[in-house]
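The values are calculated or read from the model by the stated rules, or taken from the named source; none is laboratory data. Nothing here was measured: the structure is a model prediction, and the numbers come from that model. For neighbour counting, all protein chains shown are included, and Cβ atoms are generated from backbone atoms with ideal geometry for every residue, glycine included.
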Amino acid sequence: MDTENNYENKLTDKLKRADEFSDAVLKPKTNEEQNEEKPAKKIKRQATEEQLNHPLHGVKLAHILARLVEHYGWPYLAKRVNIRCFMYNPTMKSSLGFLRKMTWAREHVEDIYMDMLEKGVDPKRQVK
């Protein structure tokens, strides 16, 4: 095996590739071509009438949890939704973190909030 010859072939291959690119003409892209590839902003969809009329539309999870804790308290929530962050040393921070990660728990809490609204509790009242 001829190692020197093999080494020289690799060098010439690299030189050939570099020569191929140096002869190519690079054409700058227009703004329209760049925008087609990556649009600057996403177009936001407008909420439908059904979504706007939903009781949970625009209500933050922190507000929902604060209203539930104020109205029912942590022990009731621990019975209704069997999660540790409601049972042992419950805090808003730990509960919100868990509810944001686990959709099943969030859905349970939202259901309790919807039940509370159906009973006629004012959701707009300010939380202390």
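Within region 46-54, is there a residue that is modelled with pLDDT of 90 or more and out of contact with any Gly (no Cβ under 9 Å at 6 or more places or on another chain)? Checking region 46-54: not a single residue is modelled with pLDDT of 90 or more and out of contact with any Gly (no Cβ under 9 Å at 6 or more places or on another chain).
State whether the residues of region 89-108 include one that is over 22 Å from the mean Cα position of the chain (by Cα) and loosely packed, with under 11 Cβ neighbours inside 10 Å. So that I can check it myself, show each step before the final result.
Of all residues in region 89-108, those over 22 Å from the mean Cα position of the chain (by Cα) come to 89-91.
Filter once more, so that each one left must be loosely packed, with under 11 Cβ neighbours inside 10 Å: 89, 91.
Checking region 89-108: at least one residue is over 22 Å from the mean Cα position of the chain (by Cα) and loosely packed, with under 11 Cβ neighbours inside 10 Å.
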